[in-house]
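What follows is a short report on a single structure.
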Amino acid sequence: MKVLAVIADLLREAAARRWFLALAIALTALLLLLLTSLRLEVVDGALAATRLFGEPMFHDIRPADVALRPVFQVASQVVFWGGLLFGVLACADFGPALLSPGRIEFLMALPVRRWELLLGTFLGVLVLAVGGALYAAGGLVLVLGGKTGVWTGWPLLSALLAALSFGAVYAAMLAMALWVRSAALSAATGMVVVGLGLLATHRRTLMAAMENGPGRALFAAVTALVPPLGRMAQVAGALASSAPLAPGSLLRLLLGTLAFTAAVLAVAGYRFERKDF
Amino acid sequence: MPAALEVTDLHKRFRSPLGRVEAVALDGVDLEVPAGEAFGLIGPNGAGKTTFIKCLLAICAPDAGTVSLLGGPPERAASRARVGYLPERLALPGAWTPRAFLASVARLKGIPPDPSALESLLDRVGLAEATGRRIRGFSKGMRQRLGLAAALVGSPELLVLDEPTDGVDPLGRVEIRNLLAAELARGATLFINSHLLSETERLCTRIGILDRGKLVRSGPLELLTRVERRWRVAFAEGAPSAELVALGFEPDGPGGWLLVAPDAPALNAALDRARAAGALVVALERASKDLEEVLAEAVEPAR
């Protein structure tokens, strides 16, 4: 399938970029640092002491799985927001690079359909996001699991949620690149979607503070369309720390994010099919 | 012979975002290129040549008219699978090796990459020594050769080449010309857009001249360059120049003469008179113009 070939090419291109090499080195160094410098003393299933670089971090004795919850929660937030911001900056150029003169003409003359190019680029970036998030979360699970004996798969699911959220942001970035071929504008679009996603999380509170009128209506309309990324981050944190979720909340969030992503990609595809190069 | 390319009444206008027509790139172009022939498209800058090529390959959608690419619409991926294309300025992935790039092209063409076939392709375009090097270190000529290799992946039936020898040194141009001649001998159809008229003249059997979106001349090279009623005659050394001039011959380079004769009896009568004056005919051919003159003649009247 041609989409797989486009994905493979994008991953090969990403492997040659310094951004991704730097991310892989930084994540590996961080995990190695935790592996070598974090000492967790577990006695009868309870965390008796935590030392980082030899300095005690907590003094109270708690069950190991409960004691690790805040660690996983913080780690999930770092993966979510750090991954989102890194992804916006590092992936901003993939769309414009695909559409660069001399490359897009060559690709279009090949027996590849336009939607295959678009979908392949989107999925390639999503594979990168999932890979990065799983590497970070999986490494943390392995380090902490190995040291404490507490093994949990929830941080991995939380990382997938972060990657899915980035997918929604990247769909908007890719769509923008089809209107204006600019990496800077693509990155700016990503930042705007992240910002709107944060506002969408608190839309009811914010709307309560607004006067009725066109401004409020516009705010309501825009924030109703954008996935509430702040809420997604909260759910990701709750998942990572094995905290209970309100029934149906995760499903609603997932469906909403997927619908936003699919709609934006459909608009991008419509534009791509009709664009002259 | 079936046509490899058939274009009927092709129109393309470029508009501003507000819909105002900014440029008429193609204005009713009709063209047919028979399979197995080498066709050269020439014309001044801005004539619409690249837009025409883009319409042939569905990179650009025409406003009106039809395009048939190897018997099918260019929008159909199966039609494009039988075409090799070299764009004017091919952007190549700098971090890749040429081998990896060609393997990617093969995959996108739906052909399982065969390392030995790709190596032999790189050898054919003169890049055998550079297969393991990163593309970012390539010269312009090497990039052009790699682009040509990419166009040749899968032995396409039709090669559409936009400035194939751009940036290539003179010896490299000869190699590329030989390679394209071999493709022609294999049965491929060549569609070449080049500013190098001498290259086009050497390789192509049919020519089209595009000017301001219109195909102002099209046909076999021989017919386009032929000068009616003019003949080039070569006489053996020692021919009496003064008598030849008196008989209506005009000097045309060392040992060469030009003669205007409306038909065969007039031509033979003039030659008989020259021979009677002591000149010995060693060669006779119809006088022809070079492509530069043909282009200038075709384009100038409209300007």
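The values are calculated or read from the model by the stated rules, or taken from the named source; none is laboratory data. Remember, it's a predicted structure, so these values are computed and weren't measured experimentally. Glycine gets a Cβ as well: all are built from the backbone with ideal geometry, and neighbour counts include every protein chain shown.
How do the helices (runs of 4 or more DSSP H) wholly within segment B:1-112 filter down when requiring 2 or more residues that are touching a strand residue (DSSP E or B) at 6+ places or on another chain (Cβ under 7 Å) and buried (at least 22 other Cβ atoms within 10 Å of the Cβ): which remain? Don't jump to the end; show me each part of the working.
Details: elements: B:49-56, B:77-80, B:98-108.
Answer list for segment B:1-112: B:49-56.
Within the set of pairs 6 or more residues apart or between chains, which connect a residue that is within 20 Å of residue B:85 (Cα to Cα) inside segment A:94-105 to a residue that is charged (D, E, K, R) with Cβ atoms less than 7 Å apart?
Partner pairs satisfying both residue conditions: A:99/A:181; A:101/B:89; A:102/B:89; A:105/B:54.
Could you please find all residues in segment B:78-88 being in contact (Cβ under 8 Å) with a residue 24 or more places away in the chain and more than 7 Å from chain A (Cβ to nearest Cβ)? Break it down into steps so the answer makes sense when it comes.
Start the filter on segment B:78-88 by keeping residues that are in contact (Cβ under 8 Å) with a residue 24 or more places away in the chain, which leaves B:81-88.
Passing the criteria: B:82, B:84, B:86, B:88.
So the check is Cβ under 6 Å with 6+ separation or different chains; which pairs have a first residue in segment B:223-236 that's touching a residue at least 12 places away in the same chain (Cβ under 8 Å) and on the phi < 0 side of the Ramachandran plot and a second one that's of a type in the set (Phe, Trp, Tyr) and buried (at least 16 other Cβ atoms within 10 Å of the Cβ)?
B:233/B:257
Restricting the search to segment A:91-111, which residues are at the interface with chain B (Cβ under 9 Å from one of its Cβ atoms), assigned to a loop (DSSP other than H, G, I, E, B) and surrounded by 22 or more Cβ atoms within 10 Å (Cβ to Cβ)? Please lay out each step first, then the result.
Residues of segment A:91-111 that are at the interface with chain B (Cβ under 9 Å from one of its Cβ atoms), as a first pass: A:97, A:100-111.
Right, trim to assigned to a loop (DSSP other than H, G, I, E, B) and you get A:100-103, A:110-111.
The one that is at the interface with chain B (Cβ under 9 Å from one of its Cβ atoms), assigned to a loop (DSSP other than H, G, I, E, B) and surrounded by 22 or more Cβ atoms within 10 Å (Cβ to Cβ): A:110.
What strands (runs of 3 or more DSSP E), lying completely within segment B:206-303, carry at least 3 residues that are more than 30 Å from residue B:12 (Cα to Cα)? Outline the logic, then answer.
Details: elements: B:206-211, B:214-220, B:226-235, B:256-260, B:281-288.
Ranges flagged: B:226-235, B:256-260, B:281-288.
Being part of a helix (DSSP H, G or I), of a type in the set (Gly, Ala, Ser), free of Cβ contacts under 8 Å to residues at least 40 places away in the same chain and farther than 30 Å from residue A:120 by Cβ narrows it down to one residue among A:224, A:200; which is it? Don't jump to the end; show me each part of the working.
Working: A:200 fails: farther than 30 Å from residue A:120 by Cβ.
None of the others qualify; the one that does is A:224.
Taking segment B:42-55 as the search range and keeping residues that are under 21 Å from residue B:203 (Cβ atoms) and modelled with pLDDT of 95 or more, which one is nearest to the other protein chains (Cβ to nearest Cβ)?
That would be B:53.
So residue A:10 clears everything in (1) within 14 Å of another protein chain (Cβ to nearest Cβ); (2) of a type in the set (A, V, I, L, M, F, W, C); (3) without any contact (Cβ under 8 Å) to a residue 40 or more places away in the chain except one condition, right? Which one?
Result: residue A:10 fails condition (3) only.
Consider residue B:165 carefully, then state whether it is in contact with a helix residue (DSSP H, G or I) (Cβ under 7 Å, 6 or more places away or on another chain) and in a loop (DSSP other than H, G, I, E, B).
Spelling it out, residue B:165 is indeed in contact with a helix residue (DSSP H, G or I) (Cβ under 7 Å, 6 or more places away or on another chain) and in a loop (DSSP other than H, G, I, E, B).
For segment B:87-128, give me each residue that is acidic (Asp, Glu) and either out of contact with any helix residue (DSSP H, G or I) (no Cβ under 9 Å at 6 or more places or on another chain) or under 25 Å from residue A:3 (Cα atoms) (or both). Spell out how you get there, then give the answer.
Let us first name the residues in segment B:87-128 that are acidic (Asp, Glu), namely B:88, B:114, B:119, B:123.
Listed by number, the residues that qualify are B:114, B:123.
So, residue B:156, is that one over 23 Å from residue A:97 (Cα atoms) and either at pLDDT 95 or above or at the interface with chain A (Cβ under 10 Å from one of its Cβ atoms) (or both) or not? Quick ask: steps written out before the conclusion?
Details: over 23 Å from residue A:97 (Cα atoms): yes; either at pLDDT 95 or above or at the interface with chain A (Cβ under 10 Å from one of its Cβ atoms) (or both): yes.
Yes: the conditions hold for residue B:156.
Just checking, does segment A:85-95 include any residue being over 23 Å from the mean Cα position of the chain (by Cα) and over 30 Å from residue B:153 (Cβ atoms)?
Step one: list which residues in segment A:85-95 are over 23 Å from the mean Cα position of the chain (by Cα), which gives none.
No, segment A:85-95 has no match at all.
Is there any pair linking a residue in segment B:89-113 that is at the interface with another protein chain (Cβ under 10 Å from one of its Cβ atoms) to one that is surrounded by 20 or more Cβ atoms within 10 Å (Cβ to Cβ) and acidic (Asp, Glu), with Cβ under 6 Å and at least six apart or on different chains, and which?
If the second residue must be surrounded by 20 or more Cβ atoms within 10 Å (Cβ to Cβ) and acidic (Asp, Glu), the pairs left are B:104/A:9.
Consider residue A:178 carefully, then state whether it is surrounded by fewer than 24 Cβ atoms within 10 Å (Cβ to Cβ) and in contact with a Lys or Arg (Cβ under 9 Å, 6 or more places away or on another chain).
Values: surrounded by fewer than 24 Cβ atoms within 10 Å (Cβ to Cβ): yes; in contact with a Lys or Arg (Cβ under 9 Å, 6 or more places away or on another chain): yes.
Against the criterion (surrounded by fewer than 24 Cβ atoms within 10 Å (Cβ to Cβ) and in contact with a Lys or Arg (Cβ under 9 Å, 6 or more places away or on another chain)), residue A:178 qualifies.
Of the conditions (1) out of contact with any Pro (no Cβ under 8 Å at 6 or more places or on another chain); (2) assigned to a helix (DSSP H, G or I); (3) of a type in the set (A, V, I, L, M), residue A:75 clears all except one; give me its number.
That leaves (1) as the condition not met.
Condition check: closer than 16 Å to residue A:197 by Cα, free of Cβ contacts under 8 Å to residues at least 12 places away in the same chain and in a helix (DSSP H, G or I). Does residue A:251 satisfy that? So that I can check it myself, show each step before the final result.
Numbers: closer than 16 Å to residue A:197 by Cα: no; free of Cβ contacts under 8 Å to residues at least 12 places away in the same chain: yes; in a helix (DSSP H, G or I): yes.
Against the criterion (closer than 16 Å to residue A:197 by Cα, free of Cβ contacts under 8 Å to residues at least 12 places away in the same chain and in a helix (DSSP H, G or I)), residue A:251 does not qualify.
Test residue A:23 against the stated conditions and say whether it is among the aliphatic types (A, V, I, L, M), touching a strand residue (DSSP E or B) at 6+ places or on another chain (Cβ under 7 Å) and away from every other protein chain (no Cβ under 14 Å). Break it down stepwise before answering.
Details: among the aliphatic types (A, V, I, L, M): yes; touching a strand residue (DSSP E or B) at 6+ places or on another chain (Cβ under 7 Å): no; away from every other protein chain (no Cβ under 14 Å): yes.
Taking the combined requirement at face value, the residue does not satisfy it.
Among the residues of segment A:51-90 satisfying the criterion of being crowded, with 20+ Cβ neighbours inside 10 Å and polar (S, T, N, Q), which is nearest to the other protein chains (Cβ to nearest Cβ)?
A:76
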